[in-house]
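The values are calculated or read from the model by the stated rules, or taken from the named source; none is laboratory data. Quick caveat, the model's predicted, so the values are computed rather than measured. Neighbour counts are summed over all protein chains in view; Cβ atoms, including those assigned to glycine, are modelled from backbone coordinates with ideal geometry.
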Amino acid sequence: MMSDFETYPLSFAQQRLWFFDQWKPHTPMYIVPLRWSLYGSLDVEILTRCFNEVIRRHEILRTTFEVQGDEPVQVIAPALTLEIPRLDWRALPQAEQIEDLRQLSLATAVKPFDLTQLPLLRAQLVWLADEEHLLMLDVHHIVYDGWSTNILRQELMTLYTAFRAEQPSPLPELSIQYADFALWQREELQEMKLRPHLEYWKTHFTPLPEPLVLPTDHPRPATQGFVGDIVRVPLPTSLLAELDRFSHTEKCTTFMTLLAVLSVLLARYSGQTDIVIGTPIAGRTQPELETLIGFFVNTLALRFDLSANPTFRELLSQVRQVALNAYDHQDMPFEKLVEALAIKHNPSQNPLFQTMLLLVNETQSDEFAVPGLRFRMLDTETTGTSKFDLVVSVFTAADEADISFEYNTEIFDAATLHRLGYNFHTLLENILQNPEQRVLEVALLSADEQQQLLDWSHDVRDYRAAGTIQEQFAAQAQATPEQLATVHTDERLTYAALHARAQSLATLITRLTATQD
């Protein structure tokens, strides 16, 4: 290694992604895809110069990861020049452009990075018309998070404006770099300083919760897969406005109310009342970190008790307190918590929680402009991955809102997630209409759906001709012996296995009865 390369320890969050990359090398799981439409007279040379100035300013964007001794380290290169190739598709028909762009965008979003090789970001321009381009940027999550996008956007705007006017960069030099944060975190979060946080979280997770077992469409594989897809369900903005008003009245945030609603939904689907939901938190607790590109995100695991069947207001009060306590102790890295709790590794599931909730407020416009050029950020399609069983994201903007369900396609079908989404919608409506309802009794079906069930109930068929229930079950077991019949915690039984157990139990009961006689 060249002597002018600097090395630093990894932050705790980086270490988690690094270990994951060792387990699943070159996975596309942690690639952040960004897509912008550019309208106007684009100067590609100036845009390239802007990106390279951002890379010069932020050391994390010229960082790779290697092992020294037994420990992974950040390796910071003294310089890096990024090239932005441009494809000229102006001659293609629009319909062909659209399909080719979709395929290219997905292909680049899943093209893996090698964490030992620069760069860990790549850019691509597609020239669609004389004054229209698509800019595709893909960055590995280990050097970048959602907050970083706003920093990148602001710096690009400032730099492009200055360079186009043949002025030098007006951006002040950064006072610290991401590597300084990693060093600070390692020094600050020593055992003595972590102890108050660790004591809180250990109490919060004693005893350890049972894994959440939602009804799945397919058996859970022995080793967790990360193949995923997304289902979106629209939400009326009027419902979101009502949610905001209710949350304000109850002296809690909209996010807290959504947490409470989701915990009810998960309890109703699973039949469990000890519910744990994960949520990301920015992790930028110091003002100096707010202007740095990098990966600062921490994860909070929030645990709720619905066993007493509280009213929704009572549950919301509990959720509010749990969330506030978690924020007070957010400096505890999730990776250190899992280690401290000595959670037995289960290769089929994530530790502590399997469902995550995000609230995304689109307060900033998707568009921004510089002299002669307008940028519009585009939604990115799913990259075909899912980090958890279920990630529920509520997106709100000035004139629209929806719920996005990113799900593991190895265990769920899309139809199940559509149904879950509409149940969430109905549950939220019914709770806001009457928050004094007991949470395990709130209707999940709309009035129309309930009426449909009543209509179906009038279509009574005489099943007696098919034999007793025992005879019908035996016939089903014979017809589909390998089909999944029941799931309880980690145990799954096919029809054949369940029928065999029922027969054994029936024989035992018969013998016991005969003995008593």
Kindly indicate which of Ala301, Ala308 is small (Gly, Ala, Ser) and either closer than 19 Å to Leu427 by Cα or free of Cβ contacts under 8 Å to residues at least 12 places away in the same chain (or both).
Ala308
If Trp127 satisfies every condition in (1) outside the structural domain of Leu266 (by TED's automatic domain parsing); (2) within 29 Å of the chain's Cα centre (by Cα); (3) closer than 28 Å to Leu101 by Cβ but one, which is the exception?
(2)
Answer yes or no: is there a residue in the stretch 25-34 that is touching a strand residue (DSSP E or B) at 6+ places or on another chain (Cβ under 9 Å), part of a helix (DSSP H, G or I) and outside the structural domain of Glu335 (by TED's automatic domain parsing).
no
Are any residues in the stretch 122-148 in a strand (DSSP E or B) and without any contact (Cβ under 8 Å) to a residue 60 or more places away in the chain, and if so, which ones?
Arg122, Gln124, Val126, Trp127, Leu128, Ala129
Is at least one residue of the stretch 429-451 modelled with pLDDT of 95 or more, of a type in the set (A, V, I, L, M, F, W, C), outside any loop (DSSP other than H, G, I, E, B) and within 30 Å of Thr237 (Cα to Cα)?
yes
From the residues in the stretch 77-123 that are surrounded by fewer than 18 Cβ atoms within 10 Å (Cβ to Cβ), closer than 24 Å to Asp21 by Cα and β-branched (Val, Ile, Thr), which one is nearest to the chain's Cα centre (by Cα)?
Val110
For the stretch 56-114, which strands (runs of 3 or more DSSP E) that fit wholly inside it have 3 or more residues that are assigned by TED's automatic domain parsing to the domain that holds Glu173 and touching a Phe, Trp or Tyr at 6+ places or on another chain (Cβ under 6 Å)?
71-76
With the condition kept exactly as written, say whether any residue in the stretch 276-289 is assigned to a helix (DSSP H, G or I), aliphatic (A, V, I, L, M) and surrounded by fewer than 20 Cβ atoms within 10 Å (Cβ to Cβ).
yes
List the pairs whose first member sits in the stretch 196-213 and is assigned by TED's automatic domain parsing to the domain that holds Lys336, whose second member is small (Gly, Ala, Ser) and part of a helix (DSSP H, G or I), and whose Cβ atoms are under 7 Å apart, counting only residues at least 6 apart or on separate chains?
Leu198/Ala340; Lys202/Ala340; Leu212/Ser270; Val213/Ser270
Please go through the stretch 151-195 and give me each residue that is surrounded by 13 or more Cβ atoms within 10 Å (Cβ to Cβ), of a type in the set (A, V, I, L, M, F, W, C) and outside any helix (DSSP H, G or I), ordered by number.
Leu171, Leu174, Ile176, Leu189
How about the stretch 325-368: which of its residues are surrounded by fewer than 16 Cβ atoms within 10 Å (Cβ to Cβ) and among the β-branched types (Val, Ile, Thr)?
Ile343, Val360, Thr363
One residue is enough: does the stretch 224-234 have a residue meeting the conditions free of Cβ contacts under 8 Å to residues at least 12 places away in the same chain and either assigned by TED's automatic domain parsing to the domain that holds Leu484 or surrounded by fewer than 19 Cβ atoms within 10 Å (Cβ to Cβ) (or both)?
no
Considering Leu512, Leu484, Leu505, which residue is at pLDDT 55 or above, over 30 Å from Asn430 (Cα atoms) and surrounded by 11 or more Cβ atoms within 10 Å (Cβ to Cβ)?
Leu484
